[in-house]
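Worksheet: the structure to be examined is printed underneath.
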Amino acid sequence: MAAIHLTAENFDKAISSGQLVFVDFWATWCRPCQMMGPIVDELADEYNGKAIIAKMDVDGDGCRDICTRFGITNIPNMKLFKNGVEVGNVVGAVPKATLKGAIDKNL
């Protein structure tokens, strides 16, 4: 199962779902983002039923406002949300274990 794709239209509903939501903010032109993509998809499989693993293309319509709202100036930028509130953040291309640690800490 691949990570779900968020848009400006469904972002707020997704992060307010009541579950832990991990969002990878990325762009197609970003090489480190491309490196992290398969890892994020693996996390979607591993955390299926425990957390929502999602991706959001920062170049999508309306996404710039969301990036501004959450202070995203560098990508890849992975944020964790619970009930619409940011509870964690990982910036840059990092090992899978770093992402798992951030998710596990907030489950």
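List of remarks:
- Filter pass, Ile53 being assigned to a loop (DSSP other than H, G, I, E, B) and under 13 Å from the mean Cα position of the chain (by Cα): no
- Cβ-Cβ under 8 Å pairs, at least 6 apart or on other chains, the range 43-65 side on the phi < 0 side of the Ramachandran plot, far side among the small types (Gly, Ala, Ser) and open to solvent by 50 Å² or more (accessible area, probe 1.4 Å): Ala44/Ala2; Ile52/Ser17
- Selection from the range 38-59 of residues that are farther than 22 Å from Gln19 by Cβ and open to solvent by less than 30 Å² (accessible area, probe 1.4 Å): Val58
- Breaking point among (1) assigned to a helix (DSSP H, G or I); (2) open to solvent by less than 70 Å² (accessible area, probe 1.4 Å); (3) among the aliphatic types (A, V, I, L, M); (4) under 18 Å from Ala97 (Cα atoms), for Met35: (2)
- When restricted to residues that are assigned to a loop (DSSP other than H, G, I, E, B) and either over 18 Å from Ile15 (Cα atoms) or open to solvent by 50 Å² or more (accessible area, probe 1.4 Å) (or both), the range 79-107 contains 6.
- Out of Thr73, Thr68, sole residue that is of a type in the set (Val, Ile, Thr), more than 19 Å from Leu43 (Cα to Cα), out of contact with any strand residue (DSSP E or B) (no Cβ under 6 Å at 6 or more places or on another chain) and not in a loop (DSSP other than H, G, I, E, B): Thr68
- Residue selected from the range 40-74 under the condition β-branched (Val, Ile, Thr) and touching an Asp or Glu at 6+ places or on another chain (Cβ under 9 Å), by the criterion nearest to Asn106 (Cα to Cα): Ile53
The values are calculated or read from the model by the stated rules, or taken from the named source; none is laboratory data. Given the structure is predicted, the values throughout are model-derived calculations rather than measurements. Backbone-built Cβ (ideal geometry, glycine too); neighbour counts: all protein chains shown. Keep in mind that these areas ignore ligands, DNA and RNA; they rest on the heavy atoms of the full protein, side chains included. Shrake-Rupley method; radii C 1.70, N 1.55, O 1.52, S 1.80 Å.
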